[in-house]
Amino acid sequence: MRLSHNTASLNVYRGYSKAVQKQSDAMNKISSGYKVNNAKDDPNVIAQSERMRMQIRGLQMAGKNAQDGVSMLQTAEGGLDSMTSMAQRIRELIVQAGNGANTEEDKKTIQNEIDQMIDGIDDIAKTTEFNGIKLLAEDKILEMPIGANAGESVKIPQFALSSDKVGTDMTNTLQSIRSANKNDGTIGVNNIVDNSIDKALEIVDRSLDKIVSVRSKYGALENRFEGGLQDINEISDIMDGADSNLRDADIAVEMAELAKNNILAEAGNAMMVQTNKFPQDVLRILENVRSK
């Protein structure tokens, strides 16, 4: 028995402090839902988790990009669909104009509708846009990231499909319809009358082929984006599960740990009460010696 140093009490207190610290850690994990809340809890796990989260957030944003890509292509296809209908109507009118039973007034009426259809195609090319981006008015390449890492992007080609703006790869556009055999910017009734029907049909067919070709490319890109979006979502979900295994707390385990440390802390507190009585026992022994 010692008077100056109550070693037994100090040992109990050390165990009690450990139990209280573990109790606090368990409560922190239960309240936060994470078994690793900061780097000191597990440096290796926190590094793995943060790298994984970087990929997850990149994939989530790539998924949003893919959705925007689909929406943009659907917008462009809507404009192309209208262009196709108008070009088909132009073709019908050209065939109709070749009917020998038409009067000059009939041909003027047909020509006027053709001109209106061409202007309508120009309007569609100029006004079809997505988030302020003109989709059918100029030739350029848009890049759409669909992955979390560098280089994981898709190129979206844009084409100038208006009759007054010929793209580098569109040598036969609807501008050619206007200037089939004249230089004044219109087909003109005389063009139709003077046996230019075949030439006009040839030009319209080439223009339709171009529009349909662009629609086909955009349709393929839509399928690619939609398929990529499904893959992105699946990969993101799998990585979320992996990150959960790394950092999420098992509440059942932590509750059991908390209950255990509660008991140890209470037991330690009770034992400190007992060990703190040891100096008093020494005093009682000394009192007995003095009384003798």
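I need the full set of residues from segment 91-108 which are at pLDDT 85 or above and of a type in the set (S, T, N, Q), in order please.
Within segment 91-108, just 96 meets the criteria.
Do we have residue 65 as under 32 Å from the mean Cα position of the chain (by Cα), of a type outside the set (A, V, I, L, M) and not in a helix (DSSP H, G or I) here? Show your work before the answer.
On the way: under 32 Å from the mean Cα position of the chain (by Cα): yes; of a type outside the set (A, V, I, L, M): yes; not in a helix (DSSP H, G or I): no.
The answer is no for residue 65.
What about residue 54, is it touching a strand residue (DSSP E or B) at 6+ places or on another chain (Cβ under 9 Å) and either of a type in the set (D, E, K, R) or closer than 24 Å to residue 143 by Cα (or both)?
Judged against the criteria, residue 54 is not a match.
Determine, yes or no, whether residue 41 is in a loop (DSSP other than H, G, I, E, B) and not assigned by TED's automatic domain parsing to the domain that holds residue 255. Can you show your working first?
Working: in a loop (DSSP other than H, G, I, E, B): yes; not assigned by TED's automatic domain parsing to the domain that holds residue 255: yes.
Here the answer is yes, as residue 41 does meet what is asked.
Cβ-Cβ distance below 9 Å, separation of 6 or more or different chains: which pairs start in segment 10-22 with a residue that is under 16 Å from residue 254 (Cα atoms) and end on one that is in a helix (DSSP H, G or I) and among the β-branched types (Val, Ile, Thr)?
Qualifying pairs under 9 Å: 19/263.
Could you please give the count of residues in segment 79-115 that are over 18 Å from residue 213 (Cα atoms) and of a type outside the set (Lys, Arg)?
Residues meeting the conditions: 23.
Taking only segment 16-45 into account, find how many residues are aliphatic (A, V, I, L, M) and farther than 30 Å from residue 274 by Cβ.
Total satisfying the criteria: 4.
Go through (1) under 42 Å from the mean Cα position of the chain (by Cα); (2) crowded, with 17+ Cβ neighbours inside 10 Å; (3) without any contact (Cβ under 8 Å) to a residue 40 or more places away in the chain for residue 128 and report which single condition fails.
The number of the failed condition is (3).
The values are calculated or read from the model by the stated rules, or taken from the named source; none is laboratory data. Nothing here was measured: the structure is a model prediction, and the numbers come from that model. Heads up, the Cβs are rebuilt from the backbone with ideal geometry, glycines too, and the neighbour counts pull from every protein chain shown.
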